[in-house]
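Enquirer: Can you read through this structure? Questions will come right after.
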Amino acid sequence: MTPEQIAETLKDCVELHPDRAGGAPTIRGTRITVAQFLGELADGDNIGEIADRFRLDVHALEKILHGLSVCLPPSPKGSP
């Protein structure tokens, strides 16, 4: 994906407002930051649990993860 395609994908589910969450990216229509969502995942919660707890759309959360994953550089050869 090109950076433009990634931005297009994420704009449907992530928004930036300087007056919301200190300007951090938030899940569209909420005050929940993308970092908070990732932290919940890191703590062991699955997407369904997070979606239920915060009344979020599972597909939007999956889209965020996909958009972020394609931003990561590929692993160097020989790395897992």
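Enquirer: Tell me the net charge near LEU61. Cut-off is 13 Å between Cβ atoms, LEU61 excluded, with +1 for each Lys or Arg and -1 for each Asp or Glu.
Expert: With Lys, Arg at +1 and Asp, Glu at -1, the net is -3.
Enquirer: May I ask you to evaluate 6.51 cos²θ - 1.76 cosθ + 1.60, the Karplus curve with θ = phi - 60°, for each residue of the range 22-32 and list the ³J(HN,Hα) values in order in whole Hz, giving x for glycine and proline?
Expert: Each residue's phi maps through the Karplus curve to give x, x, 5, x, 10, 6, 3, x, 9, 10, 7 Hz.
Enquirer: At a 1.4 Å probe radius, carbon and sulfur cover how many percent of the accessible area of the chain?
Expert: Percent of accessible area from carbon and sulfur atoms in the chain: 56.
Enquirer: If you don't mind, there's one more thing I want to ask. Please work out the FRET efficiency for the pair ARG31 and ARG53, using the Cβ-Cβ distance as r and a Förster radius of 25 Å; give the result to the nearest 0.05.
Expert: 0.95
Enquirer: Fully extended, how many nm does the chain gain between ASP45 and GLN5 (0.36 nm per residue separation, minus their Cα-Cα distance)?
Expert: Using 0.36 nm per residue and subtracting the Cα-Cα distance, I get 11.6 nm.
Enquirer: When only Cα pairs under 8 Å and 6 or more residues apart are kept, what is the percent relative contact order across the chain? Before the final figure, lay out the partial values.
Expert: Details: 62 pairs, mean separation 22.8, N = 80.
It comes to 28 percent, rounded to a whole number.
Enquirer: By its C-alpha gyration tensor, with a ≥ b ≥ c as the square roots of the eigenvalues, how is the chain shaped: rounded for a/c under 1.5, else prolate for a/b larger than b/c, else oblate?
Expert: Values: a/c = 1.87, a/b = 1.30, b/c = 1.44.
Because a/c hits 1.5 or more and a/b fails to exceed b/c, the chain counts as oblate.
Enquirer: Using the Karplus equation 6.51 cos²θ - 1.76 cosθ + 1.60 (θ = phi - 60°), what ³J(HN,Hα) coupling, rounded to whole Hz, does each residue of the range 56-64 give in order, writing x for Gly and Pro?
Expert: 10, 7, 4, 5, 5, 5, 5, 5, 4
Enquirer: From the backbone phi of the range 47-53, what are the Karplus-calculated ³J(HN,Hα) couplings (6.51 cos²θ - 1.76 cosθ + 1.60, θ = phi - 60°) in whole Hz, Gly and Pro given as x?
Expert: Result, ordered by residue: 4, x, 5, 5, 4, 5, 4 Hz.
The values are calculated or read from the model by the stated rules, or taken from the named source; none is laboratory data. It should be emphasised that the depicted structure is a prediction, and the values quoted were computed from it without experimental measurement. Neighbour counts are summed over all protein chains in view; Cβ atoms, including those assigned to glycine, are modelled from backbone coordinates with ideal geometry. Heads up: the accessible areas ignore ligands, DNA and RNA and are worked out on the full protein's heavy atoms, side chains in. Shrake-Rupley method; radii C 1.70, N 1.55, O 1.52, S 1.80 Å.
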